[in-house]
Amino acid sequence: MINIVAKITPQASLFDDCKGRLQQILKPTQTEVGCIRFELYSNSEQTCLFLVEQFTSQAALDTHYSQPYVKEVFAFYETALAKPVEVNKLVAIEQV
């Protein structure tokens, strides 16, 4: 299982554009084979966006990254972000 929280910090003037582009890829991503969870959140100040993602395997994540709609968002990031995306891969901690 691959668990990711990605923090995306767009330039202030491009926040709404970035949010809209990410909203457009939610449904297609959620229907991809191997996608368990793909949700978009914002902080209360609306300065950062967060993608909460869960995929069944690295192969499923790699397939996601190869989709044309994802590549379009990554291309947009090249000029739209205030700082690089912070990708946090998470591992579950077992209950005791």
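The values are calculated or read from the model by the stated rules, or taken from the named source; none is laboratory data. Just so you know, these numbers come straight off a predicted model, no measurement behind them. Cβ: placed from backbone, ideal geometry, glycine included. Neighbour counts: every protein chain shown. Accessible surface areas use protein heavy atoms only, side chains included; no ligands, DNA or RNA. Shrake-Rupley method; radii C 1.70, N 1.55, O 1.52, S 1.80 Å.
The table below gives the values:
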read-out: DSSP loop GluC sites (Glu not before Pro) with at most 12 other Cβ within 10 Å: longest gap in the chain; value: 46-93
read-out: Value of relative contact order over the chain, rounded to a whole percent, pairs C-alpha under 8 Å and six or more apart; value: 45 percent
read-out: Semi-axis lengths (Å, descending) of the ellipsoid that matches the C-alpha gyration tensor of the chain; value: 23, 17, 11
read-out: Inter-probe distance in nm under a simple model that places probes 7 Å from Cα toward Cβ, at Glu94 and Lys19; value: 4.2 nm
read-out: Accessible area of Asp16 in the full protein assembly, 1.4 Å probe (Å², nearest 10); value: 110 Å²
